[in-house]
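Heads up, the thing below is written out as C-alpha cells.
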Amino acid sequence: MHFYDKLVQVELADGQQFVAHTDLDRLEAHLKELAPEDSRLVDEYIHAARRFLSIDLLGLPMASPWQLLKALPQMPLLPKWGKVTLEQFAERFQNPLMRQAFPTLQYDFPGIPMLIHLSFLAGCHNRILGWPSGGSLAFARTIAARCESLGGEIHYRSPVEKILVENDRAVGVRLRDGTEHRSDVVVSASDGYTTIYGMLDGRYADARIRAYYDAAPDGNEMNLCVALGVARNMQEEPHALTLFLEQPVVLLGRPHGRLSVEVYNWDPYLAPPGKTPIKVLLKTTYSQWKALSANRARYEEEKARVAETVIDVLDSRFSGLRQQIEVVDVSTPLTIERYTGNYHGLQAWGVPGGGMGAMLKGFTRTLPGLTNFHMAGQWAEAMIGISTAAISGRNAVRRICKQDVRRFRSRRADD
C-alpha cells in the first residue's frame with residue numbers, strides 16, 4: 001500500500017498554491033501561514049479532523065455493538081458535519097485563496113459533505129487509507145487469488161442475462177450464451193438498474209426503488225476521463241493537482257474553470273522506468289455522448305477534441321509534455337457503460353434525504369418480495385467507494401450466515 005503525504009496541491013491561475021497535507025500538524029501550520037486571518041476557523045477544522053481519528057466511519061456499517069458503544073461519544077460529529085458541504089464551509093474563510101481552493105480538496109467535489117472529507121483526512125493521517133501498488137488490476141487479482149485459494153471458482157467472460165426465479169425465490173442465473181447455473185443463494189454485485197430491471201424484469205421494485213432509478217442523473221462527477229502515457233519522469237511533481245485556469249475551456253458546451261489531474265508517479269508497476277501515466281477526470285452528460293454516438297465519426301472527433309484541449313492545458317503546466325505523449329485514451333460514459341455494465345455509465349448517487357440512516361441500513365441489500373437473493377456493492381448501499389463495496393460484500397455474507405443459522409467468522413488473509 002502507498003500512503004500519500006499530500007492529498008492534493010491546488011494551484012490558482014495567478015500562481016498561488018495550497019497544499020493539503022495529510023499530516024494534520026503540517027496542514028494546520030500551512031493553513032495558518034496562508035490564512036492567518038482565519039486562525040480560529042482553521043482550529044475548528046483541524047480539531048474536527050482530530051476527533052475523527054478515533055472513528056472508523058467506513059467501518060460503522062459492520063461494527064459490533066461494543067465498537068458502536070466505544071464510538072458513541074463521537075457520534076454527534078456525524079449529523080453536524082454531514083449537513084455541511086466543502087463549498088459551504090469554504091464560504092466561512094476570509095482568505096480569498098482558501099475560499100477558492102478549499103471546495104476542491106476531496107476529488108474536486110465541492111458538494112461532498114465535510115463528514116466524508118474529515119473522515120478521509122483522518123484515515124490518511126492514521127495511515128489506514130492508502131492506495132494499492134499495481135493499481136486496480138493487481139488489487140482485483142489479489143482478491144481473485146484469495147477466492148480461488150478458498151475453493152471458489154471464477155468464470156470470466158460469462159455475462160449474466162437473467163436471474164432465475166421460482167415461486168419468488170432466486171434459484172440461479174442464466175448466462176448470455178444460454179447456460180444456466182443453479183445455486184443455493186444468488187448475490188448480485190452488478191449494476192443496480194441492470195440487476196433490478198434487466199435480470200429481474202422490474203418485478204421486485206417497489207415505489208421507493210422506482211423513484212430512485214427514475215431520478216437517475218444525466219451525468220456524474222468523473223465520468224469523462226482523459227488518460228495519457230508520457231515518456232517523462234515526473235517523480236518531483238505532485239501526485240494530485242487541481243489546476244485553476246485563466247480562461248475556462250469549453251467541452252460539449254460545458255465550461256471547465258479548472259482541471260483535476262492525477263500523476264501516477266508513485267507506483268513503479270504502472271509504467272516502464274522513465275514513463276508516467278496521467279489521468280484527468282471531468283464531468284459530462286450521458287445524453288450528449290449518446291447523441292454523438294449515432295455518428296461514429298463525430299463521436300471520435302469529439303473525443304479527440306477533448307483530448308487536445310486537455311493536452312493544451314497540461315502542456316502549459318508541464319512544459320514540453322505534448323512532445324512526450326505516447327498514449328492517449330478517452331473514456332466517455334458510453335465507454336463505462338460498455339465495459340462495466342453500469343447504466344448510463346453512472347456511479348450510485350445518494351438517496352434523497354437518506355442521511356446516516358441510509359448509510360447504516362443500505363438501500364437495496366435485498367429486494368421486496370424476493371427471497372434467497374442479496375445485493376452487494378455500491379448499488380446495495382447507494383454509496384460509492386472500494387471500501388463501501390468490501391464492507392457491503394462482507395455484510396452480505398453475514399446475512400447469509402444468519403439466514404443459514406451459521407456463525408459468521410472472519411480472519412486476516414495472512415492467518
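The values are calculated or read from the model by the stated rules, or taken from the named source; none is laboratory data. Small disclaimer: the values here were computed from a predicted structure and weren't measured. Cβ coordinates were reconstructed from backbone atoms using ideal geometry, including for glycine residues, and neighbour counts include every protein chain displayed.
Scanning for something assigned to a helix (DSSP H, G or I), modelled with pLDDT of 95 or more, hydrophobic (A, V, I, L, M, F, W, C) and more than 21 Å from HIS2 (Cα to Cα), does the stretch 14-21 turn up at least one residue?
no
Identify, please: which residue in the stretch 151-169 is touching a residue at least 12 places away in the same chain (Cβ under 8 Å) and part of a strand (DSSP E or B) and is, among those, nearest to ARG141 (Cα to Cα)?
Once the filter is applied, the top-ranked residue is VAL160.
For the stretch 83-106, how many residues are of a type in the set (Gly, Ala, Ser) and within 16 Å of GLY257 (Cα to Cα)?
Total satisfying the criteria: 1.
Which one is surrounded by the fewest Cβ atoms within 10 Å (Cβ to Cβ) among residues in the stretch 361-399 that are among the β-branched types (Val, Ile, Thr) and not in a helix (DSSP H, G or I)?
The selected residue is THR371.
Can you tell me which residue among VAL8, VAL42 is in a helix (DSSP H, G or I) and among the β-branched types (Val, Ile, Thr)?
Sole residue among the options that is in a helix (DSSP H, G or I) and among the β-branched types (Val, Ile, Thr): VAL42.
Just a yes or no: is a residue in the stretch 281-291 out of contact with any strand residue (DSSP E or B) (no Cβ under 7 Å at 6 or more places or on another chain), crowded, with 19+ Cβ neighbours inside 10 Å and of a type in the set (Phe, Trp, Tyr)?
Checked against the condition, which is being out of contact with any strand residue (DSSP E or B) (no Cβ under 7 Å at 6 or more places or on another chain), crowded, with 19+ Cβ neighbours inside 10 Å and of a type in the set (Phe, Trp, Tyr), the stretch 281-291 yields at least one hit.
Tell me the helices (runs of 4 or more DSSP H) entirely within the stretch 63-125 that contain at least 3 residues that are at pLDDT below 95 and under 18 Å from SER387 (Cα atoms).
Passing ranges, in order: 114-125.
Here are some residues: VAL185, VAL226, VAL230, VAL165. Which one is of a type in the set (Val, Ile, Thr) and in contact with a His (Cβ under 9 Å, 6 or more places away or on another chain)?
VAL185
Tell me, yes or no, whether the stretch 228-245 has at least one residue that is out of contact with any helix residue (DSSP H, G or I) (no Cβ under 9 Å at 6 or more places or on another chain), assigned to a loop (DSSP other than H, G, I, E, B) and assigned by TED's automatic domain parsing to the domain that holds ARG365.
No, the stretch 228-245 contains no residue that is out of contact with any helix residue (DSSP H, G or I) (no Cβ under 9 Å at 6 or more places or on another chain), assigned to a loop (DSSP other than H, G, I, E, B) and assigned by TED's automatic domain parsing to the domain that holds ARG365.
Go through the stretch 170-189 and count every residue that is in a loop (DSSP other than H, G, I, E, B) and either free of Cβ contacts under 8 Å to residues at least 24 places away in the same chain or more than 17 Å from VAL397 (Cα to Cα) (or both).
Counting residues in the stretch 170-189 that are in a loop (DSSP other than H, G, I, E, B) and either free of Cβ contacts under 8 Å to residues at least 24 places away in the same chain or more than 17 Å from VAL397 (Cα to Cα) (or both) gives 5.
Can you tell me which of (1) closer than 25 Å to SER158 by Cα; (2) touching a Gly at 6+ places or on another chain (Cβ under 9 Å); (3) surrounded by 15 or more Cβ atoms within 10 Å (Cβ to Cβ) is the one ARG338 doesn't meet?
(3)
Return the residues of the stretch 297-325 that are without any contact (Cβ under 8 Å) to a residue 60 or more places away in the chain and either of a type in the set (Lys, Arg) or under 15 Å from GLU262 (Cα atoms) (or both); say none if nothing qualifies.
If the condition is that a residue be without any contact (Cβ under 8 Å) to a residue 60 or more places away in the chain and either of a type in the set (Lys, Arg) or under 15 Å from GLU262 (Cα atoms) (or both), then ARG298, LYS303, ARG305, ASP315, ARG322 are the ones that fit.
Considering only the stretch 318-325, I want to know if a residue exists there that is on the phi > 0 side of the Ramachandran plot and surrounded by fewer than 18 Cβ atoms within 10 Å (Cβ to Cβ).
Yes - at least one qualifying residue is present in the stretch 318-325.
Quick check on LEU314: is it buried (at least 19 other Cβ atoms within 10 Å of the Cβ) and within 20 Å of HIS239 (Cβ to Cβ)?
So LEU314 passes the test.
Does the stretch 204-224 contain at least one residue that is more than 25 Å from THR332 (Cβ to Cβ), surrounded by 13 or more Cβ atoms within 10 Å (Cβ to Cβ) and of a type in the set (Val, Ile, Thr)?
Yes: one or more hits.
Can you pull out the residues in the stretch 400-415 that are assigned to a loop (DSSP other than H, G, I, E, B), modelled with pLDDT of 85 or more and of a type in the set (D, E, K, R)?
Those that are assigned to a loop (DSSP other than H, G, I, E, B), modelled with pLDDT of 85 or more and of a type in the set (D, E, K, R): ASP404, ARG406, ARG407.
I'd like the full set of residues that are under 23 Å from the mean Cα position of the chain (by Cα) and at pLDDT 95 or above, limited to the stretch 265-280.
THR276, PRO277, ILE278, LYS279, VAL280
Given the condition over 22 Å from ILE400 (Cβ atoms) and small (Gly, Ala, Ser), answer yes or no: does some residue in the stretch 371-382 qualify?
Checked the stretch 371-382: no residue is over 22 Å from ILE400 (Cβ atoms) and small (Gly, Ala, Ser).
Could you please find all residues in the stretch 233-260 being closer than 22 Å to PRO277 by Cβ and touching a residue at least 60 places away in the same chain (Cβ under 8 Å)?
Listed by number, the residues that qualify are MET234, GLU237, PRO238, HIS239, ALA240, LEU241, THR242, LEU243, VAL249, ARG258, SER260.
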